[in-house]
Amino acid sequence: MPDHSQYTSSIHYDKRLYRHDIDGSLAHVRMLAKQDIISQEDAASIADGLAQVRREIETDVFPWDAGLEDLHMNIESRLTQLIGPVAGRMHTGRSRNDQIALDMRLYTKDVIAQTIKGLRGVQGSLVALSERYPKVVMPGYTHTQRAQPVLFAHHMLAYFQMFRRDVSRLRDAYKRTDVMPLGSGALAGVAYPLDREFVASELGFKEISANSMDAVSDRDFVVEYLAAAALCMTHLSRLAEEMVLWSSQEFGFITLSDEFTTGSSIMPQKRNPDFAELARGKTGRVYGHLLALLTVLKGLPLTYNRDLQEDKEGFFDTVDTLLSTLEVFKDMLASLTLHKSRVTSLAGEGQALATELADYLVGKGIPFREAHGAVRQLCQFAELEGKELSNLDLAEYRRFSPQFDEGVFDITAESATAARNILGGTAPIRVAKALAQAKKLLEDEADGL
Ligand code: ARG
């Protein structure tokens, strides 16, 4: 019969938890000694051995043994080689079930902090871009149809808000991750007088799990990270889509720096926005990992079941995908060039100022619905004539409403944006304020969760 042990082995991916696993063991052993469950000497020798194990892993000389199934067994086995049978005391009052729950929580806490840092980096680039082009007016879209002029900075700061919500979701998830499960044992709690508060405080946990059965089978915190990551990737993917559109010849709004485009092997003129496209594409697999874990959990009876080992690969892949995408976006945004004259000229072109004309008639006392109808007919007329609204003369305007006068020629993309001087609107003074607030938020929350 062939050897099937590979099927249950997780060592090739759970080794990435080594630091958290060792930190957890060190805290547990210190506590065991403090409680006189093991002797100080034994605790000291286990701690020395674990330090050696960590060095070996970090210098790539650790003798990983796939036959030993998982990280915990690999470390304990090596510890036994290093310090002898006293290594066996480390696992007193502990099960691999609460041990892996601890490792995953420690790791997730770290990863949440790193993800927030990554998000801050992207937000910083959005702020920097807005500062570089604080007053450039561009077309704003609905239905991918030119709708009304907006400031480019307003558009960038829209993404700032999405990423702000992502940060807030992660912070919220952090609270529920910050719970120390050790002491739950295999499922029922343990029969030793452990000091759980001590372990929690040694490892920097705010709370202690309240039910041993829940603690060894709960992976909600991983689901929450995956869900927050999926939504964050959605935001990045939408931004990626705009980078792709805007850098096309049809739009011609931006040029991405060479570092973030690749040439075609056959068409020499092309610079393809591959990084943005890949970010958009990778979003799919992050969604998949969320659904996969939800599916793993849905039919599980309490408490620990080996199915739970399947929580890791998709999670690790999500972490790697999200963190690298955030890094790429930080630099891709920072290095893009906006074609100011192109976007500005398009902002007032075509019928982008139609709403302004309607508002103008409203200013003359005409009910909005009526003004809307008149401008709609005016637009149809201009289209038939093949003219820009700005090229019609006053007599032509007046065919649709006698209220039009010379003032219509003062309507520009700039006047249209300036008029939207309302909280959350695109008027330059509002956007300048929003930008200042965004900068302040980044400064105030520069370090930490
Ligand atoms: N490798 C396992 C996991 O990741 C660790 C816990 C194993 N526990 C057990 N009773 N087999 O879930």
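Rule-based calculations on the coordinates, nothing more; no lab input. Quick caveat, the model's predicted, so the values are computed rather than measured. Here Cβ is always computed from backbone atoms with ideal geometry, including for glycine, and neighbour counts include all displayed protein chains.
Report, by chain and number, residues whose modeled amide H sits under 5 Å from the one on Ala147, excluding near sequence neighbours (fewer than 5 apart, same chain).
Placed amide hydrogens put Gly140, Tyr141, Thr142 under 5 Å from Ala147.
Search the structure for amide H atoms under 5 Å from the amide H of Met180, placed 1.01 Å from N in the peptide plane, and list their residues when 5 or more places away or on another chain.
Glu207, Ile208, Ser209
Can you check how the C-alpha radius of gyration of region 91-156 compares to 2.2 N^0.38 Å, as a plain ratio?
Values: Rg = 22.4 Å, N = 66, 2.2 N^0.38 = 10.8 Å.
For region 91-156, the normalised Cα radius of gyration is 2.08.
With the contact rule set at Cα under 8 Å and sequence spacing of 6 or more, what percent relative contact order holds for region 323-428?
Numbers: 66 pairs, mean separation 25.4, N = 106.
Relative CO of region 323-428 lands at 24 percent.
Please list, short to long, the whole-number percent of alpha-carbon pairs of region 184-289 in consecutive 5 angstrom bins beginning at zero.
The calculated distribution, bin by bin, is 2, 10, 13, 13, 10, 8, 8, 7, 7, 6, 6, 5, 3, 1, 0.
Taking 0.36 nm per intervening residue step and subtracting the Cα-Cα distance, what contour gain separates Arg55 from Asp220 on full extension? Present the calculation step by step, with values, prior to reporting the outcome.
On the way: separation 165, 0.36 × 165 = 59.40 nm, distance 3.25 nm.
Value of the extension gain: 56.1 nm.
Please report the orientation-averaged projected area of the chain, defined via the convex hull of its C-alpha atoms, in nm². Before the final figure, lay out each step's value.
On the way: hull surface 120.7 nm².
Spelled out: convex hull of the Cα atoms, projected over all directions, averaged, 30.2 nm².
Kindly write out, for region 194-211 in residue order, the coupling ³J(HN,Hα) from the Karplus curve 6.51 cos²θ - 1.76 cosθ + 1.60 (θ = phi - 60°), rounded to whole Hz, with x marking Gly and Pro.
Computed from phi, the couplings for region 194-211 are 5, 9, 5, 4, 4, 4, 4, 6, 4, 9, x, 8, 7, 10, 10, 4, 9, 9 Hz.
Once phi is turned into θ = phi - 60°, what whole-Hz ³J(HN,Hα) does the Karplus curve with 6.51, -1.76 and 1.60 give for every residue of region 274-288, x standing for Gly and Pro?
4, 5, 5, 5, 5, 4, 5, x, 5, 4, x, 6, 5, 4, x
May I ask for the equivalent-ellipsoid semi-axes of region 133-207, computed as the square root of five times each C-alpha gyration tensor eigenvalue and listed largest first in whole Å? Mind dumping the intermediate values first?
Values: eigenvalues 555, 35, 5 Å².
With the √(5λ) rule applied to region 133-207, the semi-axes are 53, 13, 5 Å.
Putting +1 on Lys and Arg Cβ atoms and -1 on Asp and Glu Cβ atoms, find which of Thr142, His72, Phe251 reaches farthest to the positive end of the dipole of the chain.
Of Thr142, His72, Phe251, it is Thr142.
Counting pairs of alpha carbon atoms under 8 Å apart in space and at least six apart in sequence, what relative contact order in percent does region 41-165 give? Before the final figure, lay out the partial values.
Values: 78 pairs, mean separation 20.9, N = 125.
Worked out over region 41-165, it gives 17 percent.
Read phi for every residue in region 311-316 and hand back ³J(HN,Hα) as whole Hz from Karplus 6.51 cos²θ - 1.76 cosθ + 1.60, θ = phi - 60°, with x for Gly and Pro.
6, 8, 4, x, 5, 4
With the convex hull built on the Cα atoms of region 385-443, state its orientation-averaged projected area in nm².
Details: hull surface 23.0 nm².
The orientation-averaged projected area of the Cα hull of region 385-443 comes to 5.7 nm².
How large is the translational diffusion coefficient of region 349-423 in µm² per second when you combine the Kirkwood radius over alpha carbon pairs with Stokes-Einstein at 25 °C and 0.890 mPa s? Provide the component values of the computation, followed by the final result.
Numbers: Rh = 12.5 Å.
The diffusion coefficient I find is 197 µm²/s.
Using modelled backbone amide H atoms (1.01 Å from N, in-plane), which distant-in-sequence or interchain residues come within less than 5 Å of Ile411's amide H?
It is none; the list stays empty.
I need to check one value: relative contact order of the chain, counting alpha carbon pairs closer than 8 Å and at least 6 residues apart, in percent.
Normalised by residue count, the contact order of the chain is 18 percent.
Nothing charged except the Cβ atoms of Lys and Arg (+1) and of Asp and Glu (-1): what's the magnitude of the dipole of region 406-449 about its Cα centre? Round to the nearest 20 debye.
Values: 5 positive and 7 negative charges, 20 e Å.
Here the size comes out at about 100 debye.
For the chain, what does the helix formula give at 222 nm: sum of -39500 (n - 2.57) over DSSP H segments with n ≥ 4, over the residue count, nearest 500 deg cm²/dmol? Write down the numbers at each step before the final one.
Working: 17 runs with 270 residues, N = 449.
Rounded to the nearest 500, it is -20000 deg cm²/dmol.
For region 124-162 and region 361-393, what is the centre-to-centre distance using only Cα atoms, to the nearest Å?
27 Å
Sorted from largest down, give the three principal axis spans of the alpha carbons of region 1-56, whole angstrom values.
47, 24, 15
Of the chain, which part is the longest with no trypsin sites (Lys or Arg not before Pro) in a loop (DSSP not H, G, I, E, B) and with at most 15 other C-beta atoms within 10 angstrom? Don't skip to the answer; put the middle values down first.
Working: sites that count: Lys135, Lys206, Lys270, Lys364, Lys387, Arg399.
Between the exposed loop sites, the longest stretch runs 1-134.
Rounded to whole Å and sorted largest first, what semi-axes of the equivalent ellipsoid does the C-alpha gyration tensor of region 314-392 yield via the square root of 5 times each eigenvalue?
Over the Cα atoms of region 314-392, the semi-axes work out to 44, 18, 12 Å.
In a GNM of the chain with a 10 Å cut-off on Cα contacts, which of Gly314, Gly24, Gly67 has the highest mean-square fluctuation?
Of Gly314, Gly24, Gly67, the most mobile in the Gaussian network model is Gly67.
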